[in-house]
Each structure stands twice: as structure tokens, then as C-alpha cells.
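Notes to accompany the following structure.
The values are calculated or read from the model by the stated rules, or taken from the named source; none is laboratory data. Computed from a predicted structure; not experimentally measured. Here the Cβ positions follow ideal geometry from the backbone for every residue, glycine too, while neighbour counts run over all protein chains shown. Accessible surface is based on the protein model in full, side chains and every heavy atom, while ligands, DNA and RNA are left aside. Shrake-Rupley method; radii C 1.70, N 1.55, O 1.52, S 1.80 Å.
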Amino acid sequence: MTIRFILLVNKQGQTRVAQYYEYMRLEERRALEGEIVRKCLARSEQQCSFVEHRNYKVIYRRYASLFFLVGVDGEENELAVLEFIHCIVETMDRYFGNVCELDIMFHLEKAYFILDEMVMNGCVMETNKLNILAPIQLMDKSS
């Protein structure tokens, strides 16, 4: 699975986490985020969670007040990406205890650390929640 970017966005369209796995200039990132977020937030609940935008396939899912958006290559399996999004949410739920937007805002480095443990260079490396959270819990114990 080749992931190009992961975005966590609230219902107002404000980006809370943006992790890119390919080089893109800051202006391009802002434009891409704006276009994709507007497109995904404008869709109704009855529409599917897959959107094609430029040369990306964007798969998104809403959990409470946060939208989790993952941009992948066109040939990736959408259901596998949806399952990966669910794994991200379950992992953050286990760490934060029912993750919400405030948890992400006040512990931004932990959210990035969880993503870094799961994805490396655009490839999913780990999906076991215990293995992902073990280094973070060690850091928490030492501080």
C-alpha cells in the first residue's frame, strides 16, 4: 500500500494533522488540502467514502468530530485503506481513551508519533496496537 498523505480534519475544515510521504511544496500542500477537504466535507453520509482527486484516490471516514483522510495511488484497495483508518482510530482510542479533537490538539506530538510508528515512507509497517503504543508508553513512564 502506497500512502501519499494522511490528514486529520475537523468538521469546520481545519487541518489538525497533516503527514505527507512525498515531497510537495508548502503552497501545493495548502491548495491540495483545501480542495480535498472542501470536496470531502461537502459530501453527504449516503455517498461513498472514496473520492478521486488529481492523481490521488482519497479515502475518508468520519469519527465523531474528526475526518480521517488518506490519499493513495489510484490502484490501491479502498477497503484496505478504510480498515487502516479504523486501525489508526482504534490505536488512538486505546492511547487517549476515546480520542477527540482536543486530544489531538493538546498532544499533537503523540498523534504524529503514532502515525510514524504505523507508516514509514508511505508503507504500512505496523498495525498491532500493542507494538505501536509500547514506545509511547515507555516515553510516558520515563518522563
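Odds and ends about this structure:
- The H on the amide N of ARG4, modeled in the peptide plane, is under 5 Å from the matching H of GLY71, VAL72, ASP73, each at least 5 residues off or on a different chain.
- Here the label points at SER142 and GLU22, each 7 Å from Cα along the C-beta direction, are separated by 3.5 nm in the simple model.
- Each Cα pair under 8 Å and six or more residues apart adds its sequence gap; the mean of these over the residue count of the chain is a relative contact order of 26 percent.
- Cross-link partners of LYS57 among lysines, defined as those whose alpha carbon lies under 22 angstrom from its own and excluding same-chain residues fewer than eight positions apart: LYS11, LYS39.
- Qualifying GluC sites (Glu not before Pro) for the stretch 1-58 [loop in DSSP, other Cβ within 10 Å: at most 12]: GLU22, GLU45
- Counting only protein chain heavy atoms and rolling a 1.4 Å probe, the accessible areas of MET120, MET139 rank, largest first, as MET120, MET139.
- Counting only residues at least eight positions apart within a chain, or on another chain, the aspartates and glutamates with an alpha carbon under 15 Å from that of LYS110 are GLU90, ASP93, GLU101, ASP140.
- Pairs of C-alpha atoms in the stretch 77-126 farther apart than 13 Å represent 59 percent of all such pairs.
- The stretch 11-35-the stretch 115-139 distance, computed between alpha-carbon centres (Å): 22 Å
- Taking amide H positions as modeled 1.01 Å from N, with prolines and chain starts lacking one, the residues under 5 Å from ARG16 and 5 or more places away or on another chain are LEU8, VAL9, ASN10.
- Here is the list for the stretch 15-93: chymotrypsin sites (Phe, Trp or Tyr not before Pro) lying in DSSP coil, each with at most 12 other C-beta atoms within 10 angstrom of its C-beta, are TYR23.
- The Cα atoms of the stretch 101-143 define a convex hull whose projected area, averaged across directions, is 3.5 nm².
- Applying the Karplus relation 6.51 cos²θ - 1.76 cosθ + 1.60 with θ = phi - 60° to the stretch 60-69 yields 3J(HN,Hα) values of 9, 8, 9, 10, 6, 9, 10, 9, 9, 10 Hz, where x marks Gly and Pro.
- Using the Cβ of HIS53 as centre and a radius below 10 Å, the other residues enclosed give a net charge of +1, where K and R count +1 and D and E count -1.
- Size estimate for the stretch 39-118 follows the Kirkwood approach: the inverse of mean 1/r over distinct Cα pairs works out to 13.5 Å.
- Counting 0.36 nm for each residue step from CYS48 to ARG94 and taking away their Cα separation leaves a gain of 13.8 nm.
- In Hz, Karplus ³J(HN,Hα) per residue of the stretch 114-131 (6.51, -1.76, 1.60; θ = phi - 60°; x = Gly, Pro): 4, 5, 5, 6, 8, 10, 10, 6, x, 10, 6, 9, 8, 10, 6, 4, 5, 5
- Counted charge near GLU22, where neighbours are those whose Cβ lies closer than 15 Å (Asp, Glu -1; Lys, Arg +1): +1
- Across q = 0.08, 0.12, 0.15, 0.19 Å⁻¹, the chain modelled as identical point scatterers on its alpha-carbon atoms has Debye log10 I(q)/I(0) values of -0.20, -0.46, -0.73, -1.19, in the order of the q list.
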